[in-house]
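The values are calculated or read from the model by the stated rules, or taken from the named source; none is laboratory data. These numbers come from a predicted model, not from an experiment. Quick reminder, even Gly has a Cβ in these numbers, built from the backbone with ideal geometry, and neighbours come from all protein chains shown.
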Amino acid sequence: MPELPDDVVSEARRLARLARDASEDAAADAYRDRLDDLLADHDRVARVRDADATLVCYPADWADDDGTVHPTDVEDPDRAVEVSLAGGGEQGDYEAAAERNAELVDRVAAEYGDESVHAENAAAFAAFMNNHYARPMDTATDREREEFREDFFPRNAWPTEEQRAVLEDSLDAVDEVARGDN
């Protein structure tokens, strides 16, 4: 069985993340269906190992009729492809995301002032997206934004009362400067 092409692995990872992060069940199901179709074209099946947030793309012939895989029956485990759904994965992903996020922070600072609370909040959001997802801020899902607001921001940004009061406006400012690209 040929290896999975890199572009298929990248797209499978993207679809698995979208399914995991979808706020609506119907959207999650649609992403999972697209993932299944993509991998079926390569005689593969996808499973997400929740314990370590890993997408496993394994040969379809490993599974019984009911979809069960018996690890003791697998002769060559290297035929499976495993890719983390946490973080960005590749160093290039992190660097590209960090560069984009720095650009967005600079644009918020230019629009609202270098010392503005919006720029400080944008910098905190950039740090969160860089370090936890290795993705640009303007690609954050609703769930990631909620994680930032509810967990990361109060615990790691050491926000002032003013920063807390305008957090939603600051996130809107990031979106606004990002829309300027379109």
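Residues considered: ALA157, ALA140, ALA127. Of these, the only one that is surrounded by fewer than 21 Cβ atoms within 10 Å (Cβ to Cβ) and within 29 Å of ALA19 (Cβ to Cβ) is ALA127. Restricting ALA86, ALA12, ALA16 to those that are loosely packed, with under 15 Cβ neighbours inside 10 Å, touching a strand residue (DSSP E or B) at 6+ places or on another chain (Cβ under 9 Å), at negative phi and of a type in the set (A, V, I, L, M) reduces the list to ALA86.
Is it the case, given these coordinates, that SER170 is in the same structural domain as GLU99 (by TED's automatic domain parsing), closer than 28 Å to GLU24 by Cβ and of a type in the set (Ser, Thr, Tyr)?
The answer is yes for SER170.
Conditions tested, residue by residue: (1) small (Gly, Ala, Ser); (2) touching an Asp or Glu at 6+ places or on another chain (Cβ under 8 Å); (3) surrounded by 14 or more Cβ atoms within 10 Å (Cβ to Cβ).
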{"site": "ALA46", "(1), (2), (3)": "yes, yes, yes"}
{"site": "ASP50", "(1), (2), (3)": "no, no, no"}
{"site": "ALA53", "(1), (2), (3)": "yes, no, yes"}
{"site": "VAL56", "(1), (2), (3)": "no, yes, yes"}
{"site": "ASP64", "(1), (2), (3)": "no, no, no"}
{"site": "GLY67", "(1), (2), (3)": "yes, no, no"}
{"site": "ASP73", "(1), (2), (3)": "no, no, no"}
{"site": "VAL81", "(1), (2), (3)": "no, yes, yes"}
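Working only within the range 39-87, note down all residues that are free of Cβ contacts under 8 Å to residues at least 24 places away in the same chain and of a type in the set (Gly, Ala, Ser). If the condition is that a residue be free of Cβ contacts under 8 Å to residues at least 24 places away in the same chain and of a type in the set (Gly, Ala, Ser), then ALA40, ALA51, ALA60, ALA63, GLY67 are the ones that fit.
Here ALA134 passes the criteria (1) touching a residue at least 60 places away in the same chain (Cβ under 8 Å); (2) surrounded by 19 or more Cβ atoms within 10 Å (Cβ to Cβ) except the one numbered (1).
You will find that of GLU162, GLU115, the residue that is in contact with a helix residue (DSSP H, G or I) (Cβ under 6 Å, 6 or more places away or on another chain), more than 24 Å from ALA28 (Cβ to Cβ) and surrounded by fewer than 15 Cβ atoms within 10 Å (Cβ to Cβ) is GLU162 and no other. Is at least one residue of the range 74-87 touching a Lys or Arg at 6+ places or on another chain (Cβ under 6 Å), closer than 30 Å to VAL9 by Cα and modelled with pLDDT under 85? Within the range 74-87 (the criterion being touching a Lys or Arg at 6+ places or on another chain (Cβ under 6 Å), closer than 30 Å to VAL9 by Cα and modelled with pLDDT under 85), the answer is yes, since at least one residue qualifies.
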